[in-house]
């Protein structure tokens, strides 16, 4: 088994699965990919406790471990490197890839499937991927069109430039933003989007003092921007595939990404429909870890869709520092 | 008069400790930390703690922590014994032991009330608070310049286990109190004999769990603990028992964050390496628990408390609180 052969199988799986004819089973490809990763990464190998015969048995690497260890099969500094935002704890996780062929192929395929009416013109409240080369979100949005403008620099939203970009467009735009950037933009005067525009919102407010409920944000965006619809996107730096949804509906993973809710204490899988800690099994994660354990809570429905419920319940583990902090500074006042 | 009432309050709390409100610890775990706090209020210690001369404040606010529920006991005792009226400000929706403190104070005629109103601190002449650095800074900035403010920011504690040590049960006790969430909980155990420690500690952790079962653990704490176990498996060793865990990690992955009933064992070459590991955060040290020997060398870190294992969570009343001479600051 080589990387090249695995990439070819993943690309074929992505193409075939969307046509309803996957060339092989998810299980077969997942187990082979995991075996290859375990053979080439001592971190993943250290998690193997027994034989793996189905995807849900593949040991998952917690996202925090990406902040501590070099996870994955890329052991040099060649290739592509994405970093987490690090807004919550300051330490950034790193996802290294030899190349992004499966990421890119899958991201475009699934976005086009979910958004066949995606406008060509993108106005992004995101960093320019040519500058923020380690942002997986910017990288993904950059795959969707060459006709894009970027309006965040070093975390600051350039509201005037974003307004100008919207006003200058007489064709529908695909407005892509993190929830935080969108909330900042909506704090000021904003133009209505051209007819047929779509808004994509991703991410939350973690680590930010400014908070707004998702529902309020969507309602505000709908009223003031007037898009045809709002779509939601769930992705993680440690993953290579994304889920798409809408404010009303669950997130839909592509066929090459499976979600599993587990018991936070034991890590044992939970029945569909039961809230739990989310794990993802991503065939496009060729160079990292196929299985990722998040700190998010969600419900995996019987059809594989995911209802996200936010961060796992409980205060972040920070020892005695979370005393009155949770908090005089934040919303959950003592 | 006030001192006598405080003694009566202390004795009532001790007699009624099994009826204390649920605070997320097990019944036995809650009893442990209440006993530890009340044990420090000996008659002699109270008299000595009140010896600094000065006029008492008419009123004071103590901002209580969510995690270390017994921490207010010593502050309340000291202030009430001085004759100060005290408002205990507890976290919103998490009264902890506050109503219990208040009901027993009322029964003996001590002027203690509880509130979750942030505004309680606004015109208080004396405010005592513990929290993270942002909280303390925010709170300090919100008070009148004339308010005396005793704010205690984030601290962490470590234990030192030297070769030949045997006090595993004492160490497990330190890890059990407050389920490991206190500033005085050993966030990490530094040792020049990790194999020796790991030979003894699992059984001690299990015994501690049997005696003081672990209380509630949040989903994020569980997840973080399993994540640390993964890190330990990849870089050292993880031993997971029923209600406890031991994570052996290399110094590069040492964390100041303590997790519920999880011992973080960091192997080092010698005590100098251990000292070097904590040196950059020495100003944040609260307590160092020392096995067998070596207290003198650890005193060089400047940590406010260097004590024997088993005593980490049992501070005596007469001391400097995080290095601050607080007993003299509770009077004008």
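The values are calculated or read from the model by the stated rules, or taken from the named source; none is laboratory data. Predicted model, so just to flag it, every value in this text is computed and none were measured. Every residue, glycine among them, receives a Cβ derived from its backbone with ideal geometry; neighbour counts consider all protein chains shown.
Here are some notes:
- Applying the criterion of at least 1 residues that are more than 14 Å from every other protein chain (Cβ to nearest Cβ) and touching a helix residue (DSSP H, G or I) at 6+ places or on another chain (Cβ under 7 Å) to the helices (runs of 4 or more DSSP H) found wholly in the stretch A:33-146 leaves A:101-114, A:136-144.
- The condition (being surrounded by 15 or more Cβ atoms within 10 Å (Cβ to Cβ) and touching a helix residue (DSSP H, G or I) at 6+ places or on another chain (Cβ under 6 Å)) is satisfied by just one residue among B:278, B:290: B:290.
- The set of residues from the stretch B:22-46 being under 28 Å from residue B:121 (Cα atoms) and more than 17 Å from the chain's Cα centre (by Cα) comprises B:22, B:46.
- Any chance residue B:96 is at pLDDT below 95, out of contact with any helix residue (DSSP H, G or I) (no Cβ under 8 Å at 6 or more places or on another chain) and crowded, with 22+ Cβ neighbours inside 10 Å: yes
- Hey, residue A:178 within 25 Å of the chain's Cα centre (by Cα) and either surrounded by fewer than 17 Cβ atoms within 10 Å (Cβ to Cβ) or not assigned by TED's automatic domain parsing to the domain that holds residue A:216 (or both) or not: no
- Residues that are outside any strand (DSSP E or B) and either touching a residue at least 24 places away in the same chain (Cβ under 8 Å) or in contact with a strand residue (DSSP E or B) (Cβ under 9 Å, 6 or more places away or on another chain) (or both) within the stretch A:243-258 comprise A:246, A:247, A:249, A:250, A:253, A:254, A:255, A:256, listed in sequence order.
- Conditions (1) free of Cβ contacts under 8 Å to residues at least 12 places away in the same chain; (2) more than 14 Å from every other protein chain (Cβ to nearest Cβ); (3) in a loop (DSSP other than H, G, I, E, B); number of the one not met by residue A:4: (3)
- Where residue B:145 falls short, out of the listed (1) more than 11 Å from chain A (Cβ to nearest Cβ); (2) surrounded by fewer than 16 Cβ atoms within 10 Å (Cβ to Cβ); (3) within 24 Å of the chain's Cα centre (by Cα): (3)
- Filter result for residue A:261 (outside any loop (DSSP other than H, G, I, E, B) and either at pLDDT 95 or above or over 30 Å from residue B:153 (Cβ atoms) (or both)): yes
- In the stretch A:272-295 there is no residue that is assigned to a loop (DSSP other than H, G, I, E, B), away from chain B (no Cβ under 14 Å) and out of contact with any strand residue (DSSP E or B) (no Cβ under 9 Å at 6 or more places or on another chain).
- Condition broken by residue A:258, with the remaining ones in (1) touching a helix residue (DSSP H, G or I) at 6+ places or on another chain (Cβ under 9 Å); (2) farther than 23 Å from residue A:136 by Cβ; (3) more than 14 Å from chain B (Cβ to nearest Cβ) satisfied: (2)
- Residue within the stretch B:174-185 that is modelled with pLDDT of 95 or more, crowded, with 21+ Cβ neighbours inside 10 Å, over 21 Å from the mean Cα position of the chain (by Cα) and in the same structural domain as residue B:222 (by TED's automatic domain parsing) present: no
- The numbered conditions (1) assigned to a loop (DSSP other than H, G, I, E, B); (2) in the same structural domain as residue B:171 (by TED's automatic domain parsing); (3) within 17 Å of the chain's Cα centre (by Cα) are all true for residue B:319 except (2).
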